[in-house]
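To keep things clear, I will list the structure first and then write my remarks on it.
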Amino acid sequence: MNEQEYLDSIKLTLAVSPVVKEVNIVQAWGSENTGFFRARLWLHDGDFLEVSEFFVIKGNQAYTAEYRHQWMDSSRQHLQKRWDNAAHHLELPNSPHHVHIGDDKQIKPSQSMSIIALIELLEHQIESLA
């Protein structure tokens, strides 16, 4: 897989996901085994999701190097969750991967979260609520 193929896989995931209603790609580029994708998404339940991922291609595989995904309610005033790997909660297991929940005061360990993995997670969460 090269950087353009990975970008295409992100776009395809967003296009076919049953939870994503609308996609506004803010930035997408790939060059010499690296790339970046940032988009604003509106979900079918009215919620808003902003995703960004910097990735590296090594040995025909894409690896998420940096990410920040923020899920807000439809008013974009209340945080549902924010996943990121900024190194500011080093005390948590699996640091730097963590998730901010609700009012942003609750922070829990997480795992590396590519855009594709996030959409799969949201699809399972929303499916289990139905």
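Just so it is clear, none of the values below were taken in a lab; they were calculated from the coordinates. Predicted model, so just to flag it, every value in this text is computed and none were measured. All Cβ positions, even for glycine, are placed from backbone atoms using ideal geometry, and neighbour counts span all protein chains on display.
This ranking places 29, 83 by how few other beta-carbon atoms lie within 10 Å of each, fewest first, which gives 29, 83. The Cα trace of the chain gives Rg and Dmax of 14.6, 43 Å, the first to one decimal, the second as a whole number. From the alpha carbon centroid of the stretch 73-122 to that of the stretch 6-20 is 20 Å. List the GluC sites (Glu not before Pro) within the stretch 42-130 that DSSP assigns to loop and that have no more than 14 neighbouring Cβ atoms inside 10 Å. When the GluC sites (Glu not before Pro) of the stretch 42-130 are filtered for loop state and at most 14 Cβ neighbours within 10 Å, 91 remain. Simple spin-label estimate for residue 1 and residue 88 gives 2.9 nm between the two label positions (7 Å along the Cα-to-Cβ direction from each Cα). Listed by chain and number, the lysines whose C-alpha is less than 30 Å from the C-alpha of residue 11, apart from same-chain residues fewer than 8 away, are 21, 58, 81, 108. For residue 11 and residue 31, a Förster radius of 25 Å and the Cβ-Cβ distance give a FRET efficiency of 0.90, rounded to the nearest 0.05. The calculated pair-distance distribution of the stretch 76-130 uses every alpha carbon pair, bins of 10 angstrom beginning at 0, and gives 24, 47, 27, 2 percent.
The stretch between residue 58 and residue 111 holds 17.1 nm of extra length on full extension. This uses 0.36 nm per residue minus the Cα-Cα distance.
Note on the stretch 1-73: Kirkwood radius taken over Cα pairs, Stokes-Einstein applied at 37 °C and 0.692 mPa s, translational D equal to 261 µm² s⁻¹.
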